[in-house]
Amino acid sequence: MSLFGPSPAARVLIDGPNELVFDYAIPEGMNPMPGCRVKVPLRNRNSTGTVLDVIDNDQDLGFSLRPLSSLIDEEPLVTPKLMELGHWMAKYYNAPMEQIMRALLPESVRQELHSEKTRKVVVLANKPDEEAAAKLAKRAPKQSLIISLLEAAGGEMALADLGGSSITSSIKSLAKAGYITTKDEAVRRDPDQGEEFLQDEPLKLNDEQEVGLEIITKTIDDGGKPILLHGVTGAGKTEVYLQATQHVINQGKSALILVPEIALTPQTVQRFKSRFANIGDAVAVLHSNLSQGERFDEWHRIRKGEARIVIGARSAVFAPLYKLGLIIVDEEHENTYKQEVAPRYHGRDMAVLRAHFEKCAVVLGSATPSLESYQNYLAEKYQLVELKKRADDQSMPIIRIIDMRIESHKHKGAILSDALRGRMDNKLEKGEQIILFLNRRGFARSLQCPACGHVCECNHCAVPLTYHRAEERLICHICGHQAIVPKNCPECNDPAIRLQGYGTEKVEGVLQKLFPRAKVARIDADAMRKKNALKNTLTAFRQKKIDIIIGTQMIAKGLHFPNVTLVGILNADLGLHIPDFRAGERTFQLLTQVAGRAGRGELEGEVIVQTFTPHSPSIQFARHHDFNGYADQELEFRSQFGYPPFTHCALLGTRSSHERRAEFTLENIHQRLAKNLPEGIYLGEPLPAALTKAHGQYRFQLMLRSPSARLLSNYVNKILTATPPPEDVTIVFDMDAMGF
């Protein structure tokens, strides 16, 4: 945008759903900085926005810019280090700065719709003398009672506690007489709803934990490379995190703890709030399950320095903490750290980069590290800390593999093998608890006609509809479309149409029939829709009010239940055969993590894995808890074929409601990319995406790989800038893509 006059101007991102960016003149005496919130004139009204940059006004537009109306915040809401991180992200992920700013500042902070919650408080200003009090008691007993209640409460009470709107006239009369005053008091919207946490003491560390903590504290004090904490499931990584955080707090600094799933947040929050109960509300929580008001309050507590420890999912990596001393990324291998909408950043990578800018320590913890992080250790970019044994000296659980090809001959359509059912009977008799894992929700995978083969599919996505018994509906797990269950085949009208496959909802029903005396609970996205449902279910399980949990990957990692002695993995092959070079790695990680939920207390644990491909390397290495063996084999394969972590992999995609336009646009871009392709970039062919249609949009994609992310990003940006797409075609560029 051209500017007029010699004075500087502010480039402002306007609040709202559209990415509107305008330049405004800066009035005399106003000093906005990047990250400040401002009021600006927009058409015939005032709007709010965030200053992206202060730029030189050195061009002649022929008209003068409208000035900023006012400065909302004298100090930037986004710290200088976070702005530096934001500009780096914009270049690396090929994303406009306005998208980055939306990631740095939550919507609840940017929008005017949310503000501090307040309550009216009544304050006793002048206590009436004996004579006045006697008259008041006789003439206005309600006013006299209010005075008495205020005296008993120490001079202050919330208006709602005194009677609310029913005493409005009495309050006015007392205020007029000079006996009381009122004031507005900020009320924190507490995600834990005032729950009390009892102080707990640090646990004694074993030799491996002591060495690990020493390396982490030395890095906190003196600086050093990022630390990869590779500890087997149950090795006590959380206790190391807690004691490292205490070290940081003792130095007057702050700490950031990232977890991959909201499911892990309640347990992590409980551990940290109990350990740091002696320093008040030191722990803040940030994740998408908070209400906008709760997120607003937590974010501002962090910015004001009231909270020195932040726990949250990937977006918490941008929490406005000052004096940051330590960043911990728990379960660093998880795909959920990758943002699937623009800007498509990776939370783990941003944590490492933020630690670099903030000059603080960063710890990446996992029982199954990502191959990217493990290769960084092999390349001497990271330090490695290993915890090879469990904290309580318990042995790792014994893992048995059940070949379901054989089992299916004995019992057609069997969900539970004889071995698993027998062990469940045994554990329930002893009063021990069981976790069953199946990474598919719903009752049945699809509805299929045996006569003509027709499968009921979503009208908007190229996937079968999943049957949900509770809703008596066919539901698309991509776009949420729902359809009535047909009585006859829509194609050939055959009444024999039947359900195929099974999900967690069906398994829950089977368990209730097989084990009628056992209390069964289901944890998946359908069952845990209500706020605090997950937290309450996990609490009941911890208190042994639930005997069996059947769940999806929400229960696969991080959870610690000492009375769980049996874990059953149903259909371990679900993610193994998808067209993605990371499919084997994810299956190995998932099996190892789920297996780690067993035997974490005094009782020995066992795991039963049901699979149709028992000889898969992912399953066999997981069976022996052999991460190094799996990593060596997989890294050799990746190296030979030029896949990450030896290259950066980007996905370039098009999508449109018109199939041919999406395809033609990508073919056109491919031709332009192929012409004068720089050395060091491998360009794949344009192909339909694995999910060819979603949300009514046809999808096509191509893969690019290069050892240099900057070379790749710059070249693609150059071509895309010169190739504007048709109006109804969307182009998506995903650097370091995790899903294909």
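Derivation of every value follows stated rules applied to the coordinates shown; laboratory data play no part. Fair warning: this is a prediction, and the values are worked out from it, not measured in the lab. A quick note on method: Cβ atoms are made from the backbone with ideal geometry, for glycine too, and the neighbour counts reach across all protein chains shown.
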Could you give the nm distance between label points at Lys138 and Phe63, where each point is 7 Å from its Cα heading toward the beta carbon? 7.6
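Given +1 on the Cβ of Lys and Arg, -1 on the Cβ of Asp and Glu, and no further charges, what dipole in debye does the stretch 207-387 carry about its Cα centre, rounded to the nearest 20? Write down the numbers at each step before the final one.
On the way: 20 positive and 23 negative charges, 141 e Å.
Result for the stretch 207-387 is approximately 680 debye, rounded to the nearest 20.
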Considering the Cα positions of the stretch 368-463, please state its Rg to one decimal place and its Dmax as a whole number of Å. 21.7, 60
By what distance, in whole Å, do the Cα atoms of the stretch 648-735 stretch along each of the three principal axes, largest value first? 36, 25, 17
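Quick one: Phe541, Phe664, fewest Cβ neighbours within 10 Å first, how do they rank? Each step should come with its number before you reach the end.
Details: Phe541 23, Phe664 17.
Lowest to highest Cβ neighbour count: Phe664, Phe541.
Which entries in the list Lys513/Lys557; Lys225/Lys253; Lys218/Lys388; Lys513/Lys544; Lys427/Lys513 go over 23 Å, if you measure between the two C-alpha atoms of each?
Values: Lys513/Lys557 28 Å; Lys225/Lys253 19 Å; Lys218/Lys388 21 Å; Lys513/Lys544 20 Å; Lys427/Lys513 17 Å.
In this structure, Lys513/Lys557 exceed 23 Å between Cα atoms.
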Output the Cα-based Rg and Dmax of the stretch 207-387 in Å, rounding Rg to one decimal and Dmax to a whole number. 15.1, 45
Taking Cα atoms of the stretch 291-406, Rg/Rh with Kirkwood Rh, to two decimals? 1.07
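What is the antiparallel percent of DSSP beta bridges lying wholly in the chain, to the nearest 5?
Values: 63 of 114 bridges.
Rounded to the nearest five, the antiparallel share is 55 percent.
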Debye calculation, C-alpha points only, no solvent: report log10 I(q)/I(0) for the stretch 9-110 at q = 0.17, 0.19, 0.22 Å⁻¹, in the same order as the q values. -0.75, -0.94, -1.22
With bins of 10 Å, the percent of all Cα-Cα pairs of the stretch 479-611 per bin from 0 is 10, 33, 33, 18, 6, 1
Tell me which GluC sites (Glu not before Pro) from the stretch 192-255 have a DSSP coil assignment and no more than 14 other beta carbons within 10 Å of their own. Glu195, Glu196
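Given the Cα-Cα distance of Lys531 and Glu214 and 0.36 nm per residue of separation, how much length would full extension add, in nm? Can you show the working numbers first?
On the way: separation 317, 0.36 × 317 = 114.12 nm, distance 3.95 nm.
Stretched out fully, the Lys531 to Glu214 stretch lengthens by 110.2 nm.
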Using distinct alpha-carbon pairs, which all enter the 1/r mean, Kirkwood radius of the chain in Å: 29.3
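Provide the FRET efficiency to the nearest 0.05 for the Asp728-Glu380 pair, computing r from the beta carbons and using R0 = 41 Å. All intermediate terms of the calculation are to be shown ahead of the outcome.
Values: r = 49 Å, r/R0 = 1.20.
Once rounded, the FRET efficiency stands at 0.25.
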Which loop-located GluC sites (Glu not before Pro) does the stretch 539-606 contain, where loop means any DSSP state but H, G, I, E or B and the Cβ has at most 11 other Cβ atoms within 10 Å? Glu602
How big is the Kirkwood radius of the stretch 70-143, worked out from every pair of different alpha carbons and given in Å to one decimal? 17.5
With 0.36 nm assigned to each residue of separation and the Cα-Cα distance removed, Ala496 to Leu574 gains 25.4 nm
Partner lysines for Lys135 [C-alpha distance under 25 Å; skip if fewer than 8 residues away on the same chain]: Lys127, Lys172, Lys176
Using DSSP to call loops (not H, G, I, E or B), can you name the trypsin sites (Lys or Arg not before Pro) in the stretch 453-512 whose Cβ has at most 16 other Cβ atoms within 10 angstrom? Arg469, Lys487
With no solvent term and unit scatterers on the alpha-carbon positions of the stretch 596-725, Debye gives log₁₀ I(q)/I(0) at q = 0.11, 0.17, 0.21 Å⁻¹ of -0.62, -0.94, -1.15
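Using only Cα atoms, what Kirkwood radius does the stretch 216-298 have, in angstroms? Walk me through the numbers before you get to the answer.
Numbers: mean 1/r = 0.0691 Å⁻¹.
Computed over Cα pairs of the stretch 216-298, the Kirkwood hydrodynamic radius comes out at 14.5 Å.
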Spit out the partnerless Cys residues in the chain, using Cβ distances under 4.7 Å as the pairing rule. Cys36, Cys360, Cys456, Cys479, Cys649
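Mind ordering 170-176, 371-377 by average Cβ neighbours within 10 Å, highest first? Kindly include the intermediate steps, with their values, before the conclusion.
Numbers: 170-176: 16.9, 371-377: 20.4.
Result, highest mean first: 371-377, 170-176.
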Once you put a point 7 Å from the Cα of Arg660 and another 7 Å from the Cα of Gln482, both along the Cβ direction, what distance in nm separates them? 3.7
What is the diffusion coefficient of the stretch 118-186 in µm²/s, taking the Kirkwood radius over Cα pairs and the Stokes-Einstein relation at 37 °C with a viscosity of 0.692 mPa s? 276
In nm, spacing of pseudo-spin labels at Glu130 and Val341 (7 Å Cα→C-beta vector): 7.0
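In deg cm²/dmol and to the nearest 500, what is the mean residue ellipticity at 222 nm of the chain if only DSSP H runs of at least 4 residues count, each as -39500 (n - 2.57), divided by the residue total? All intermediate terms of the calculation are to be shown ahead of the outcome.
Values: 22 runs with 237 residues, N = 740.
Value at 222 nm, helices only, nearest 500: -9500 deg cm²/dmol.
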